[in-house]
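The structure under discussion appears below in the form of structure tokens.
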Amino acid sequence: MAMIIDGKKISNDIKEELKEQVANLKREGITISLAVVQVGNDPASTVYVGNKKKACEFVGIQSLSYELPESTTEKELLELVHKLNQDPAVNGILVQLPLPKHMDENKIIQAISPAKDVDGFHPQSVGALSIGQNGFVSCTPAGILELLKRTGITIEGKECVIIGRSNIVGKPMGMLMLRENATVTICHSRTKDLKEVARRADILIVAIGKAKFVTKEYVKEGAVIIDVGMNRDENNKLCGDVDYEDVIEKVSAITPVPGGVGPMTIAMLMNNCVRSAIMHQKES
């Protein structure tokens, strides 16, 4: 019987731990604040931003909300980011993606101070991860690693296949798994014999944004499956990149959608905010 990896429960455990940590820091006179910037009113972004604010409230982190109109210029956004970089009371800066078409996302990401880059998207954060130095790790891959560790799944020496090579999930995930001594293969749209490569995986991480793409033909008997996808099926029901019903009999553990990886991303964002405050405190 496959173990269903409960991301909701694990993320709640992490948030409870952080809540205690934040309360202890407050007693020492250290408050934590996260600036959340949203440009325009993309409905999915509004939901994500709302969830982040709720998590801040639960953990005891102050969230500063900047809801800017779609008509905001890139220059105005860069000026706001610069102002938040300079503000000693702000520990983390999060600019919700996607941004409107008239803005250069890379330019905005690079404008955020690496010391406040709690999303882990800045090139300096990514570089630090790649050479094993301290820095913020992108929240979804960091959450996946916590899921595996807190579920008691051994990573060292395992064959790990990642389907998807995005800068936000696939690439940092590969580096994290290497750091944990897994043997890593990253697949993408040009990979030949994808089914064959995927079937080698002891741990299969799927992040491609295609509903129910991975079926049992891609899966080795007893594999662990981490499904990062968030799609809607033909009945408009939430589903992942993995055909859950099709693979469930074949795997040893799997994350459901929803309730698997999703909640972990926000828990790790909170974790990065707390780490940022502690690092700022050490520097001051």
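The values are calculated or read from the model by the stated rules, or taken from the named source; none is laboratory data. The model shown is predicted, which means the values in this text are computed figures rather than measured ones. All Cβ positions, glycine included, derive from the backbone under ideal geometry; neighbour counts span all protein chains shown.
Observations on the structure shown:
Every residue, every condition in (1) in contact with a helix residue (DSSP H, G or I) (Cβ under 9 Å, 6 or more places away or on another chain); (2) free of Cβ contacts under 8 Å to residues at least 12 places away in the same chain, yes or no:
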position	(1), (2)
Ile10	yes, no
Gly29	no, yes
Ile32	yes, no
Val37	yes, no
Thr46	no, yes
Val49	no, no
Lys52	yes, no
Glu57	no, yes
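Here's the yes/no breakdown for (1) charged (D, E, K, R); (2) at pLDDT below 95; (3) over 23 Å from Ala115 (Cβ atoms):
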position: Gly7; (1), (2), (3): no, no, yes
position: Asn12; (1), (2), (3): no, no, yes
position: Glu16; (1), (2), (3): yes, no, yes
position: Asn41; (1), (2), (3): no, yes, yes
position: Thr46; (1), (2), (3): no, yes, yes
position: Gly60; (1), (2), (3): no, no, no
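Matching residues to (1) out of contact with any Asp or Glu (no Cβ under 8 Å at 6 or more places or on another chain); (2) polar (S, T, N, Q):
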{"residue": "Lys237", "(1), (2)": "yes, no"}
{"residue": "Asp243", "(1), (2)": "yes, no"}
{"residue": "Ala253", "(1), (2)": "yes, no"}
{"residue": "Gly259", "(1), (2)": "no, no"}
{"residue": "Pro263", "(1), (2)": "yes, no"}
{"residue": "Met268", "(1), (2)": "no, no"}
{"residue": "Asn271", "(1), (2)": "yes, yes"}
{"residue": "Gln281", "(1), (2)": "yes, yes"}
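- The conditions of being modelled with pLDDT of 95 or more, of a type in the set (Asp, Glu) and assigned by TED's automatic domain parsing to the domain that holds Val169 are not met by Asp233.
- Residue count for segment 157-179, restricted to those that are surrounded by fewer than 17 Cβ atoms within 10 Å (Cβ to Cβ) and either aliphatic (A, V, I, L, M) or more than 20 Å from Lys210 (Cα to Cα) (or both): 4
- Qualifying residue in segment 8-17 (condition: of a type in the set (Ser, Thr, Tyr) and not in a helix (DSSP H, G or I)): no
- For Asn24: the one exception among (1) in contact (Cβ under 8 Å) with a residue 40 or more places away in the chain; (2) surrounded by fewer than 19 Cβ atoms within 10 Å (Cβ to Cβ); (3) under 13 Å from Val274 (Cα atoms): (1)
- Residues satisfying the stated conditions in segment 134-187, i.e. under 11 Å from the mean Cα position of the chain (by Cα) and under 10 Å from Ile203 (Cβ atoms): Ile144
- First in segment 262-281 and in contact (Cβ under 8 Å) with a residue 60 or more places away in the chain, second anywhere and part of a helix (DSSP H, G or I) and of a type in the set (Lys, Arg), Cβ under 8 Å, 6 or more apart: Pro263/Lys8; Ile266/Lys52; Ala267/Lys15; Leu269/Lys52; Met270/Lys15; Ser276/Lys116
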